[in-house]
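Down below is the structure, laid out as structure tokens.
Any read-out appearing in this document is the output of simple, stated calculations on the displayed coordinates, not a laboratory observation. Everything quoted here is computed from the prediction, not taken from an experiment. As a convention, Cβ positions derive from the backbone with ideal geometry for all residues, glycine included, and neighbour counts pool all protein chains shown.
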Amino acid sequence: MRGVPRNERLRLKKLVRIGTLNVGTLTGKSREVADLMKGKNIQILCLQETRWRGEKAKEIGEGVKLFYKGDDGKRNGVGIAVSEALKDPVSAVRRINGRIITVRVDMKDGCWTIISVYTPQTGCPEEEKDEFYTTLDDVIRSVPEGDFLTVAGDLNDHVGNDRRGLERVHGGRGIGCKNEGGDRIIDLAVAPYSSGG
């Protein structure tokens with residue numbers, strides 16, 4: 001929950017395993033994704049670079065339902081795969097573009113919004129990155145205030161492991177040093193706290 005100190009936040013009472021995976025392409029791999037989820041006991045898996053065209057929901061095996069959005073099928077594409085136990089409680093899916101998709105799950109403890117993202121790579125034009133972060137910020141702000149919120153995906157940048165002054169939003173487990181794109185990620189995470197929620 002945004003703007004609430006960690007020790008005062010509501011917590012899901014049921015353990016739900018969530019993961020993220022850049023698949024490179026999902027063509028011919030959807031069954032592998034379902035098997036991976038079953039083998040690792042993952043209930044929600046955010047996928048990036050699916051390279052699938054269109055926007056649909058489909059069963060991919062092992063009771064897993066995949067919600068996805070892609071543009072031209074040659075690049076980008078995101079999805080969220082949901083285990084059999086959680087697919088019926090899915091109450092909303094928002095397919096924003098080939099880089100952002102959301103799923104809202106009604107849990108006993110409240111609603112949970114999961115956002116799967118695929119950030120433009122380092123070599124992409126700055127305008128494309130700016131547009132992505134503006135859109136993501138709008139999507140985050142549109143999540144109902146009481147929802148649990150998870151943003152997961154391939155962020156294509158580094159936040160580093162120095163969390164001094166960022167304890168509220170940074171776990172200190174980043175790899176390497178923070179880069180310019182990492183600053184954007186931190187700014188996005190800090191924004192709800194600095195603007196009063």
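What are the lysines whose alpha-carbon lies under 26 Å from the alpha-carbon of Lys56, with same-chain residues fewer than 8 places away excluded?
Lys29, Lys38, Lys40, Lys65, Lys69, Lys74, Lys87, Lys129
Starting from the Cα gyration tensor of the stretch 77-174, take the square roots of the eigenvalues, sort them a ≥ b ≥ c, and report rounded, prolate or oblate (rounded when a/c is under 1.5, otherwise prolate if a/b is larger than b/c, else oblate).
On the way: a/c = 1.95, a/b = 1.34, b/c = 1.46.
Judged from the Cα gyration tensor, the stretch 77-174 comes out oblate (a/c at least 1.5, b/c at or above a/b).
Could you pull out every residue, at least 5 positions away or on a different chain, whose amide H is within less than 5 Å of the one on Lys56? Hs are placed 1.01 Å off N in the peptide plane, and Pro or chain starts have none.
Excluding prolines and chain starts, which carry no amide H, the hits are Tyr68.
Grab the beta carbon distance between Val93 and Cys177, set R0 = 41 Å, and tell me the FRET efficiency rounded to 0.05. Write out the running numbers ahead of the final one.
Numbers: r = 36 Å, r/R0 = 0.89.
E(calc), rounded to 0.05, equals 0.65.
In deg cm²/dmol and to the nearest 500, what is the mean residue ellipticity at 222 nm of the chain if only DSSP H runs of at least 4 residues count, each as -39500 (n - 2.57), divided by the residue total?
On the way: 4 runs with 47 residues, N = 197.
Only helices count here, giving -7500 deg cm²/dmol.
Between Lys74 and Lys40, what is the spin-label point distance in nm, taking each point 7 Å from the Cα along the Cα→C-beta axis?
The answer from the label model is 3.1 nm.
Work out the length of the dipole vector of the stretch 59-155 about its Cα centre, built from +1 on the beta-carbon of each Lys and Arg and -1 on the beta-carbon of each Asp and Glu, and round it to the nearest 20 debye. Write down the numbers at each step before the final one.
Values: 12 positive and 18 negative charges, 50 e Å.
Charge dipole of the stretch 59-155: 240 debye, to the nearest 20.
Please give the charge dipole size of the chain, origin at the Cα centre, charges +1 on K and R Cβ atoms and -1 on D and E Cβ atoms. Round to the nearest 20 debye. Working shown, then result.
On the way: 33 positive and 29 negative charges, 163 e Å.
Approximately 780 debye in magnitude.
At 7 Å along Cα-to-Cβ for each site, give me the label-to-label distance between Glu84 and Val190 in nm.
Reported label-point gap for Glu84 and Val190 is 4.6 nm.
Based on the alpha-carbon gyration tensor of the stretch 58-97 and its eigenvalue square roots a ≥ b ≥ c, which shape applies: rounded if a/c is under 1.5, prolate if not and a/b is larger than b/c, or oblate?
Values: a/c = 3.81, a/b = 1.69, b/c = 2.25.
Here the stretch 58-97 falls in the oblate category.
Could you tell me the center-to-center distance, by alpha carbons, between the stretch 35-88 and the stretch 150-197 in angstrom?
Rounded to whole Å, the Cα centres lie 26 Å apart.
Compute log10 of I(q)/I(0) for the chain with the Debye formula, placing one identical point scatterer on every Cα and leaving out solvent, at q = 0.10, 0.17 Å⁻¹, to two decimals.
-0.41, -1.23
Given 0.36 nm per residue, what is the gain on full extension from Arg164 to Glu131 after removing their alpha carbon distance, in nm? Kindly include the intermediate steps, with their values, before the conclusion.
Numbers: separation 33, 0.36 × 33 = 11.88 nm, distance 2.87 nm.
Stretched out fully, the Arg164 to Glu131 stretch lengthens by 9.0 nm.
Would the stretch 132-197 count as rounded, prolate or oblate if I go by the C-alpha gyration tensor, calling it rounded below 1.5 in a/c and otherwise prolate when a/b exceeds b/c, oblate otherwise?
Details: a/c = 1.92, a/b = 1.50, b/c = 1.28.
It comes out prolate by the Cα gyration axes.
Report the local net charge at Asp72: Lys and Arg +1, Asp and Glu -1, summed over other residues whose C-beta lies under 11 Å from its C-beta. Intermediate values should be presented prior to the final figure.
Working: positive: Arg51, Arg53, Lys74, Arg75; negative: Asp71.
Local charge sum for Asp72: +3.
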